[in-house]
Structure formats: structure tokens, C-alpha cells
Amino acid sequence: MTTTPLPTQSQAEQRPDTLGRFGRFGGKYVPETLMPALSQLEAAYQQYRNDPEFIAELQQLLRDYVGRATPLYFAERLTAHYARPDGTGAQIYLKREDLNHTGAHKINNALAQVLLAKRMGKQRIIAETGAGQHGVATATVCARFGLKCVIYMGVQDMERQSLNVFRMRLMGAEVSPVSTGTGTLKDATSEAIRDWVTNVENTHYILGSVAGPHPYPMIVRDFHAVIGIETRAQCLEKWGGLPDILLACVGGGSNAMGLFHEFVNEPSVRLIGVEAAGEGVNTEKHAATLTQGRVGVLHGAMSYLLQNDDGQVLEAHSISAGLDYPGVGPEHSYLKDQQRAEYYSVTDEEALAAFKRTAQLEGIIPALETAHAIAYLDTLCPQLEGSPRIVINCSGRGDKDVQTVAKHLQD
Amino acid sequence: MNSISDCFKSLRSRGTCALIPFITAGDPDLETTAKALRVLDGAGADMIELGVPYSDPLADGPVIQAAASRALQKGTRLEQVLEIVREVSPTLRSPIILFMYYNPILNRGIETFLQQIADAGVAGLVVPDLPLEEAEGLLKPAQKIGIEVVLLVAPTSSLERIEAIARASQGFIYLVSVTGVTGMRSQMEARVPELLKQIRSYTDKPIGVGFGISAPEQARQVRESGADAVIVGSAIVKRLADETPQAGLQAIGEFCQSLKAAISD
């Protein structure tokens, strides 16, 4: 299958606007030192997004190196599991981003950004990582292009994702432990931004989610939009129409935006994002930013945010390191306020059950992040009528999580 | 209460370069913060920057990050910081400038926040994660309420940006002397004199230089490059935190005097 790797700009409504705003969300809340670098990045993106040579190189690498297009897989036994006694019920499809090189969707963005960085003449790459998937993807493309790579990772995440730490180091990246704050993704992101403030003149920051200051939410979304673009073509090929419901997990929200973007202007398609409820949204241990947060500013963007009544950012909690983030990409906040997308949350326990169920029914071990999206089927399917087609973004594979799950099942 | 602008006017008439020391409120505790304000005021400070501790201080290096974490662990809240300012500021010569990140301001509501800090006796505000493009919503109401919002220029800022920032900044222009976060450095960035000249070509407003200045000799160089004020943070925060509060207060008093001596004739 051949598709263009980048979305077209012809949509009537431009998001974000020229100031980097999605409605009231987004913007550039960063130290002055970074403002020129953000402008340079935006200019480079606008220049190369329509450059045939850039697009051809990206397209070829996405195909031959990443392994795109990823399949749209009909999950027959999951479908049977949720079928009503009369045989009707949701038809469940998985968009197999877990089959990408390095095991998750993250490489779509890391690869495209490294191609931009190369063209901007940057010699050094930095990135933050939570679950380690973005770190691995970044380390991978830096190895492929011979660039120096430093990955910031919270000490707590380094422990629960030790396999990914090993992979990054194997590929020549320096993994820099971050012990400040809570030692998770939030702190790793802060540390990466501090590095960028210090080394901005020779360094490109490959931000890994649709978060951060403009233009990152736009760039990262566009580099993942290939997920939705392929999905549209595959749906057309399989049943000649659109999907009815799209379902994806949301931490920062990159895999969800990548799937949703192509369909935001298709009102018949329901968009559902699933956040981590951790030990429950009524406890202090969750990461349900969109459903429990208030509007604030974190890591350069205005968006929903978990914060206390003094405006201090709260520690998030999730069994999944990739969802363990108190902020969320600004476009998700916009889609929520516009009531274009719906956001719900599932607990650690529900995600674990979905993790096992998917392994046992489909022979697919999903990432714990992805398992949150799958877990929402328990709530969603009984509410549906007829046999709607649901596409779940199977954003990553779960090999990295087996230690965490094994430990949890023992406790 | 003196405004920042008035303070600079009086310093300029005497040909004096201002010393602006920085401390983090609540580290090691609020009682020491109150005492430290008085000590610095009596040891040559012309204005004092008071850092409000924040959970995610993006522009700060390890020393001030650690100070903010300690202050938050002790439960320091904005209300308490303002209470200290309310209590101490009438006894100080130095106007107080709050250094704080944008989210706690936004969280409180911009106008409410500005009114509260004005009532407490704060003269000015530095928000390190609020560049010019996002600052308008703060600058206008602040002007009405009488809080001067100081904007920052960085070594990476283009001439166009420098001009626009210099025009909008109130009180003075804060020149970030290094490409980087706050923290002690052994050498001053070579670009500082050139940057000062560039800013000067656009504005008569006072220019304060900060980030990375940690010794009297560096302070002297900054002054000789034409700065109107020298801002010293981490080197003071570290001295205050390294010892018992009593010893820390004495150490910052002596250090502040040595900085002042270095930038005086």
C-alpha cells in the first residue's frame, strides 16, 4: 500500500493557528533562550513538509526501515469475546503500530524529526522518555544517521523499563538518569528542556509527544498522521467505508492524535481517548489529566493539567510508564472542549486484565499503554448498538512490560 | 514602597550599579527567608529577587531546583511567601521582585494574583517561562495595578526580538548572560558586552544581567561592560543552604557585601 506520509494542509480549518494555538490551548511558554530555536524548527518544517526530496526520503525509510504500512488487523476472537448472544456486536480491528521497527508508533516521529534535524545542521539529539519507547526510537534513528544522542529518563522509569534502557545504550545512546521531582516522564521532560536551553545552538530536541511548545504539537501530530491516513485507506479497502469508532490511549497523546487527525473532520467517526486512572480517579494515584485536571501550563503549552490548588504540578500515577504524565497535548484539550473527542479513563487493574486477555485471545502482547485503550472495550461495547467497526490503535508491543506485569501478578 | 524604576532612577543619579541578590522563599524555612531579606537589604542589596518555589522550574539549574524542592517539601505556599513580604517589605530599602513560573499565576487568575502581590508590597515580577509573545495578558493588568513586569533577553535573541522585548519590558531589562539555565559558572559568556551594547542601542531602560554570575570578579566585569544591575542567585542560595540557618545568614551577608564592594568604585 502506498500513501503519502504527511497530511495535506488543505483542510478548511487550520489547527493550530499562526500563534500555535488550538483554541485557547497550546502556545509557547518557554524561556526566551528557546524562542529562536522554536521559530527555526517551525520554518524548517514548513520548508521541508512540501519538499519532494524530504518526502521521498521519509517515505522510503518508513517503508524499508520502519516496515510501514502497518496492517489493519481484524481481531476475531476479541470481537467474539464482546459479541452479543445473537452474534452481533462491535467489530474490533487493531491498527498494528506494534509491528513497526522498535515496537511502537514512536519511530514515525523520531525518524521524521531526525531528517529535519539533519537538514537544520544539528549534530546532537536529545529526547525525553517515559516507557522508553520514544527513547528507543530516538536512539535507533540516531544510530542510523550517526548522530550523538542523549536520552533523559526518570530513575523510576529506568527501573521499570530496564530492557529499554539496555536497548538504548546498545545503540550508542547515553541514557541520563533524572532523579529530581518524581523521577518520571514529567521530570525527564523538564531535564531535556534544560539541556536544550543550554545546548540549543548545536542540539535538536526530538520531543516525543504532541505536547510541549508550538510547533511540537503540530509537527509530532503530522509525523504520526500516517497512522490515520493508512487506516482510512485500509478501511476503504476492507469494507468500502469509514470506521465508526477510533479508540486510543492518551498519555501525552501522540498515538491518539496520529490516528484521530485524519478523521477529525469526519463527524460520523467517534473519537475516544483513554487515559490512565491508575489506582482510581478518586484516589491521588492516577494520570487522568483530561477528566480530572484543570487548565494550566506545563512544558511550554497551555492544556489540561493535574495540579494542586497552589498551581504546583502533581505527581501522576499509572502502572504504565508511558501514560504516567500529569499533562496532555493541547490539541486533545481542544478536541475535548469542542466535544469532538471523548475522553475516559481505565485503572491499572482493568489495563492488566486487557493485557492478559489480548495475549490469550489474540496472541498479541500489547504495551501496557495500549492495554488501556483495549480495556475500555469492557465499558464501551455494552453501550453500542448493532455492529459498529472499532479501530483501536495498537500503539506498541508489550515485551518491555512483562517484568512489570509479572511483578504485579506476584504481589 | 519604591518602584523598580524609581529605584534605578535614584541609583543612576548617583552613578551606581545595582546589586540584586536572589533567594528561594521557604529554603531552609520561611523564618530564615524573612531574616535573609533583612540581611541582604543591610549588606548592599539594592533590590531583592525572591523566588517562589515551583514544582517544575524549567529555567533553573541544580542549585535553585534543589532549593525549590526543599521549600515545597516543607509545604511552602504562595500565601505564606506573600505574608513574609507583607511583614518584611515595609522595613526594607530594597524593592522586592518576585521570580516565579507562570502556572501558579495562571492558576490564581492573573488579576487576582497581581492584586494580591501588590497588596503584599511586591514591586515587580519576573516570569522566566513567559516570553514576549505570551506576556501581553500579564503586562497590561500589571501596569494598571502598579506591578512592573521585567522581561528577559537571551544571548540567542534576534535583534528584532531584543528591540521588541526592550520596548515592552517594565522596570528594567533582564539580560540572561548565558545560553542555559540558572547556576554558577566560572566564566562570563564573552557575548555579554556585545549584547549589552545591542540592547542599549534600542533603549534607555536599565539593564540587569543575571544567570551564572557567582563571584565578585564576575560581577565587576558585568558592571564594567555597562550593566545597570548585577543579579546573583545560585551562589547565594547555595551559601544559605550549605550551613545552619544562622551560619548561612552570616555567609550571605558577607558575600553580598563583597559583591557590592566589587561593583562600587
- Please enumerate the residues belonging to segment A:106-141 that are β-branched (Val, Ile, Thr) and either closer than 15 Å to A:Asn199 by Cβ or in a helix (DSSP H, G or I) (or both). A:Ile107, A:Val114, A:Ile125, A:Ile126, A:Val136, A:Thr138, A:Thr140, A:Val141
- Message: One residue is enough: does segment B:54-64 have a residue meeting the conditions in a helix (DSSP H, G or I), crowded, with 24+ Cβ neighbours inside 10 Å and under 15 Å from the mean Cα position of the chain (by Cα)?
- Response: yes
- Message: Could you check segment A:163-181 and list, in sequence order, the residues that are in a helix (DSSP H, G or I) and either touching a helix residue (DSSP H, G or I) at 6+ places or on another chain (Cβ under 9 Å) or under 13 Å from A:Val313 (Cβ atoms) (or both)?
- Response: A:Leu163, A:Asn164, A:Val165, A:Arg167, A:Met168, A:Arg169, A:Leu170
- Go through segment B:88-170 and tell me which helices (runs of 4 or more DSSP H), entirely inside it, have 2 or more residues that are surrounded by fewer than 16 Cβ atoms within 10 Å (Cβ to Cβ). B:110-120, B:132-145, B:159-168
- Message: Looking at (1) open to solvent by 10 Å² or more (accessible area, probe 1.4 Å); (2) more than 19 Å from A:Thr4 (Cβ to Cβ), which one does A:Leu247 not meet, given that it meets all the others?
- Response: (1)
- Note on the structure: The condition of being outside the structural domain of A:Gln40 (by TED's automatic domain parsing) and not β-branched (Val, Ile, Thr) holds, among A:Ala137, A:Ala127, A:Ala83, A:Ala143, only for A:Ala83
- Item | First in segment A:85-100 and touching a residue at least 12 places away in the same chain (Cβ under 8 Å) and hydroxyl-bearing (Ser, Thr, Tyr), second anywhere and crowded, with 24+ Cβ neighbours inside 10 Å and in a strand (DSSP E or B), Cβ under 8 Å, 6 or more apart | A:Tyr93/A:Ile390; A:Tyr93/A:Val391; A:Tyr93/A:Ile392
- Residue, nearest to A:Tyr304 (Cα to Cα), within segment B:100-123, restricted to residues that are in contact with a Leu (Cβ under 8 Å, 6 or more places away or on another chain) and touching a residue at least 40 places away in the same chain (Cβ under 8 Å): B:Asn103
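Can you name the residue in segment A:317-327 that is touching a Leu at 6+ places or on another chain (Cβ under 9 Å) and open to solvent by 10 Å² or more (accessible area, probe 1.4 Å) and, of all such residues, is nearest to the other protein chains (Cβ to nearest Cβ)?
Looking at residues that are touching a Leu at 6+ places or on another chain (Cβ under 9 Å) and open to solvent by 10 Å² or more (accessible area, probe 1.4 Å), I get A:Tyr325.
Conditions tested, residue by residue: (1) in contact (Cβ under 8 Å) with a residue 12 or more places away in the chain; (2) surrounded by fewer than 21 Cβ atoms within 10 Å (Cβ to Cβ); (3) touching an Asp or Glu at 6+ places or on another chain (Cβ under 9 Å); (4) farther than 17 Å from A:Ala110 by Cα.
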| residue | (1), (2), (3), (4) |
| --- | --- |
| A:Gly154 | yes, no, yes, yes |
| A:Met168 | yes, no, yes, no |
| A:Gly172 | yes, yes, no, no |
| A:Ser176 | yes, yes, yes, yes |
| A:Gly183 | yes, yes, yes, yes |
| A:Thr198 | no, yes, no, yes |
| A:Leu207 | yes, no, yes, no |
| A:Val210 | yes, no, yes, no |
- Item | Qualifying strands (runs of 3 or more DSSP E) (wholly inside segment A:182-288; at least 1 residues being within 14 Å of chain B (Cβ to nearest Cβ)) | A:203-205
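The values are calculated or read from the model by the stated rules, or taken from the named source; none is laboratory data. What you see is a predicted model; the values in this text were computed from it and never measured. Note that each Cβ is placed from the backbone with ideal geometry, even for glycine, and that neighbours are counted across all protein chains shown. Just the protein is used for accessible areas: all its heavy atoms, side chains included, with ligands, DNA and RNA removed. Shrake-Rupley method; radii C 1.70, N 1.55, O 1.52, S 1.80 Å.
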